[in-house]
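Participant: One structure follows; several queries about it will come next.
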Amino acid sequence: MLKENLISVENKIQEACLRAGRRREDVTLIAVSKTKPLEDLEEAYHLGVRVFGENKVQELVDKYDSLPKDIEWHMIGHLQRNKVKYIIDKAAYIHSVDSLRLAETIEKEAAKRNITVNILIEVNVAGEESKFGLMPEEVDEFVTKIAEFRHIQIKGLMTIAPFVENPEENRSIFQRLHKLSVDIGSKNVDNITMRILSMGMTNDYEIAIEEGATMVRVGTGIFGARNYSKE
Ligand SMILES: *Cc1c(COP(=O)(O)O)cnc(C)c1O
């Protein structure tokens, strides 16, 4: 099943790239493996997947320790400050930076280890109350502040679009995040780039790619439905 799913997702990514006149290699597929057992990740690994996304610190650390070291791990979930130290040298990217205090903690922990951490800023484009993320109008000032942190590299923006029946409804959300990244990128702030746009999940990744996503985070479409009742 996983193999067929992966092929299907890959085909849809390629078709979306074609429609948008984009190159396939400019879009990274992140296989979101949260809640899934190691066997599923191993199977995906053997099918060639090397980029995985997790949303819980403990789960990311456990899976990191158990799987081959050529995997690139992405922390895509809300991150508590007291847990930063556990993933700071394991996550290739932290997608969910949305407060100055969190950024300060990342800076401090990265400085201790003398490493640089790649982060994305999470933006709550739709303004949903239930969601984490900065409001779009807050991002500019936030970027300027974090740009001074020597052990953090801002690489772009991330958003979680609302769950909608018709993914077309999220097109404008993706357009707004894209525009925000272009606006901020054009200011040429030292130490930051806006090359990464992490947007699009199983329901809407094709639209996100049409609107400029460079990372799509696909869970259900690859691994099947999640079962939270076992947790
Ligand atoms: C779970 C999750 C995904 C993947 O969701 P699917 O709908 O299963 O593709 C993507 N991004 C984030 C931040 C998530 O928490």
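The values are calculated or read from the model by the stated rules, or taken from the named source; none is laboratory data. No experiment lies behind these values; they were computed from the predicted model shown. All Cβ positions, glycine included, derive from the backbone under ideal geometry; neighbour counts span all protein chains shown. To get the accessible areas, we keep the full protein, side chains included, count just its heavy atoms, and leave off ligands, DNA and RNA. Shrake-Rupley method; radii C 1.70, N 1.55, O 1.52, S 1.80 Å.
Participant: Hey, which of these cross-link pairs are over 32 Å Cα-Cα: Lys3/Lys145; Lys12/Lys155; Lys63/Lys187; Lys112/Lys155?
Facilitator: From Lys3/Lys145; Lys12/Lys155; Lys63/Lys187; Lys112/Lys155, over 32 Å: Lys3/Lys145; Lys63/Lys187.
Participant: Evaluate the distance, in nm, between pseudo-label points positioned 7 Å from the Cα of Tyr86 and of Glu137 along their respective Cα→Cβ axes.
Facilitator: Each label point is offset 7 Å from its Cα along the Cβ direction, giving 3.7 nm.
Participant: Is the shape of segment 119-231 best called rounded, prolate or oblate, per the rule: a/c under 1.5 gives rounded, else a/b larger than b/c gives prolate, else oblate, with a ≥ b ≥ c the square roots of the Cα gyration tensor eigenvalues?
Facilitator: Judged from the Cα gyration tensor, segment 119-231 comes out prolate (a/c at least 1.5, a/b above b/c).
Participant: Out of Gly185, Trp73, Thr105, whose Cα points farthest toward the positive end of the dipole of the chain (charges: +1 Lys, Arg; -1 Asp, Glu; placed on Cβ)?
Facilitator: Comparing the listed Cα positions along the dipole, Thr105 ranks first.
Participant: Are there any GluC sites (Glu not before Pro) in segment 62-131 that are in a DSSP loop and have at most 16 other Cβ atoms within 10 Å? List them by number.
Facilitator: Sites meeting the loop and neighbour criteria: Glu128, Glu129.
Participant: On average, how much accessible surface per residue is there in the chain, in Å², for a 1.4 Å probe, leaving out ligands, DNA and RNA?
Facilitator: Value returned for the chain: 49 Å² of accessible area per residue.
Participant: Per DSSP H run of n ≥ 4, the term is -39500 (n - 2.57); total these for the chain, divide by its residue number, and report the mean residue ellipticity at 222 nm rounded to 500 deg cm²/dmol.
Facilitator: Dividing the helical sum by the residues of the chain leaves -11500 deg cm²/dmol.
Participant: Return P(r) of segment 28-104 (all Cα-Cα pairs; 5 Å bins starting at 0; whole %; ordered from short to long distances).
Facilitator: With a bin width of 5 Å, the distribution comes to 3, 16, 31, 24, 14, 8, 3, 1.
Participant: Separate question: Find, among the trypsin sites (Lys or Arg not before Pro) in segment 29-124, those assigned to loop by DSSP (not H, G, I, E, B) with at most 14 other beta-carbon atoms within 10 angstrom.
Facilitator: When the trypsin sites (Lys or Arg not before Pro) of segment 29-124 are filtered for loop state and at most 14 Cβ neighbours within 10 Å, Arg50, Lys69 remain.
Participant: Sticking with this structure for a sec: With a cap of 12 neighbouring Cβ atoms within 10 Å, and only residues DSSP puts in a loop, list the trypsin sites (Lys or Arg not before Pro) found in segment 114-176.
Facilitator: Loop-located and lightly packed - Arg150.
Participant: Need one word for the chain: rounded, prolate or oblate. Basis is the Cα gyration tensor (sqrt eigenvalues a ≥ b ≥ c); a/c below 1.5 gives rounded, then a/b vs b/c decides.
Facilitator: oblate
Participant: What shape does segment 22-153 take by its C-alpha gyration tensor, where a ≥ b ≥ c are the square roots of the eigenvalues and a/c under 1.5 counts as rounded, a/b above b/c as prolate, and the rest as oblate?
Facilitator: prolate
Participant: In addition: Just add up the charged neighbours of Val97: K/R +1, D/E -1, any other residue whose Cβ is under 12 Å from the Cβ of Val97.
Facilitator: 0
Participant: Give me the percent of the accessible area of segment 35-158 that comes from carbon and sulfur atoms, probe 1.4 Å, all protein chains in place.
Facilitator: 45
Participant: Between segment 160-213 and segment 6-24, how many Å separate their Cα centres?
Facilitator: Distance between centres, Cα-based: 16 Å.
Participant: Could you pull out which residues in segment 141-159 have an amide N less than 12 Å from a spot 7 Å beyond the Cα of Thr116, following the Cα-Cβ vector?
Facilitator: Inside the label zone: 149-155.
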